[in-house]
Each structure stands twice: as structure tokens, then as C-alpha cells.
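The values are calculated or read from the model by the stated rules, or taken from the named source; none is laboratory data. Computed from a prediction, not measured in an experiment: that's the story for all the values here. Virtual Cβ from ideal backbone geometry, glycine too; neighbours counted across all protein chains shown. The accessibility values were calculated without ligands, DNA or RNA, using every heavy atom of the protein model including side chains. Shrake-Rupley method; radii C 1.70, N 1.55, O 1.52, S 1.80 Å.
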Amino acid sequence: IFFGRLETRKGFDVFAAALRLLCAEEPEILSRLREIVLLGREQEPGTVATLRRILAVTGVAVTHLPNFDSDSVRTYLVDHARESLVAIPSSFENFPYAVIEALSIPGLNVVCSNGGGIPEIFGSGGEAQLFQPSPASLAASLSTRLRTPLEPEQLARYDNVSANAKWMRFHHRVCAGRVFVTRT
């Protein structure tokens, strides 16, 4: 599952190139896939058609699910957690909700680029779920996780309790006048 808006900065091109690499180098891995799912809106017109054309070489059906709100995404991912691998290949992000949503699903195998603020969401651990934002690195990560999915207890989880506590401590310091924000 590619999870994110279908736009260049979210890495759909990296995803497609990684799958083509897998097709060329390890076709037996892709032969086990039932479908490739594009879970997100098409931001750049023609992206879905382009991806279907590029991925046709894999021989795997490409399904586009464009109209899911947050609740529908969660339901879909929960329903398919056991048999799915989610890829979030964006090379730069500040604080991507897609990563938080995916890491909040128990038992869902997720691989993400280590670009931008994504590693901060993983916290300590999670290295087995991170890859360099390149087709070769994503292909290697997909190959590893498709061959050997992580067990639920091995998967990184987003620690919302700790994140919320840090956020509240920051605001308490601001209110107490101990944090100063300057404008440039």
C-alpha cells in the first residue's frame, strides 16, 4: 500500500521505481502480491494512469482508493493489517499525519523514508522500518519486509501519550514566561 497523497513530493515516483526494481531483480516477491494499493487522493492529474502504466510490468493489479477520510483510512488499514505492507516514501516531511495514522494501527507493517521529521515520530527504535528516500533503498526495505514481516511486538508505535505530555510541558513553559518566541 502506498499511503499518502499522489503527488511528487510524497514519493509516488520513488514507490513506482522501487517496485520496478523489485520486478527486475526479485520477481518472485511481487508474484506473491494480490494487489498494489494507492491509498490517497490524486493531487496531480494523470498520476494514477501513469502509475498503472509504469507498474503494468509487475503483473500486479493496481487499485486506487482516493476518497477515504481519516476514519475510513483507519478502518481500511485495520481490516488489512495482517496481510499488508504500507510504504510512505516521502523524502521530506515535517510531521506527517499519515505516518502517525499508520503507526497507530496494531500489527500493521509500515516502512517509511527517514527524510525530514519522520524518524522523530518513530522515536527510539524503528530502524528496521526506515529507509533512505531512494528507489534502491525502498526496494530493499520492501523485499526484506515482504519476506519477513515484523511481528506486532517488533513494530514501532507512535507514542501519543509521551508526545502530548511534551506538548503540554512546552505550553506550560510558554504560559509561565520561560519560553520566548522571537520573530525575524
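Structure data summary
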{"quantity": "Of residues in segment 78-97 being more than 12 Å from the chain's Cα centre (by Cα) and part of a helix (DSSP H, G or I), the one farthest from CYS112 (Cα to Cα)", "calculated": "ASP79"}
{"quantity": "Residues of segment 48-94 satisfying the condition of being buried (at least 17 other Cβ atoms within 10 Å of the Cβ), at pLDDT 95 or above and of a type in the set (Ser, Thr, Tyr)", "calculated": "THR58, TYR76, SER84"}
{"quantity": "Residue selected from segment 26-52 under the condition basic (Lys, Arg) and part of a loop (DSSP other than H, G, I, E, B), by the criterion nearest to SER141 (Cα to Cα)", "calculated": "ARG32"}
{"quantity": "Residues (in contact (Cβ under 8 Å) with a residue 40 or more places away in the chain and either assigned to a loop (DSSP other than H, G, I, E, B) or within 17 Å of CYS112 (Cβ to Cβ) (or both)) located in segment 13-25", "calculated": "VAL14, PHE15, ALA17, ALA18, LEU19"}
{"quantity": "Only one of PRO45, PRO135 that is within 16 Å of VAL14 (Cα to Cα), open to solvent by 20 Å² or more (accessible area, probe 1.4 Å) and not β-branched (Val, Ile, Thr)", "calculated": "PRO135"}
{"quantity": "Test result for LEU146, in contact with a Leu (Cβ under 8 Å, 6 or more places away or on another chain), assigned to a helix (DSSP H, G or I), modelled with pLDDT of 95 or more and open to solvent by 40 Å² or more (accessible area, probe 1.4 Å)", "calculated": "yes"}
{"quantity": "Looking only at segment 95-114, and only at residues there that are open to solvent by less than 40 Å² (accessible area, probe 1.4 Å) and of a type in the set (Ser, Thr, Tyr), the one that is farthest from LEU19 (Cα to Cα)", "calculated": "SER104"}
{"quantity": "Matching option when the condition is aromatic (Phe, Trp, Tyr) and in contact with a strand residue (DSSP E or B) (Cβ under 6 Å, 6 or more places away or on another chain), among PHE68, PHE15", "calculated": "PHE15"}
{"quantity": "When residues of segment 115-132 are limited to those that are within 12 Å of LEU103 (Cα to Cα) and either of a type in the set (Ser, Thr, Tyr) or open to solvent by less than 30 Å² (accessible area, probe 1.4 Å) (or both), the one modelled with the lowest pLDDT", "calculated": "PHE122"}
{"quantity": "VAL111 under 12 Å from PHE2 (Cα atoms), of a type in the set (Val, Ile, Thr) and at pLDDT 95 or above", "calculated": "yes"}
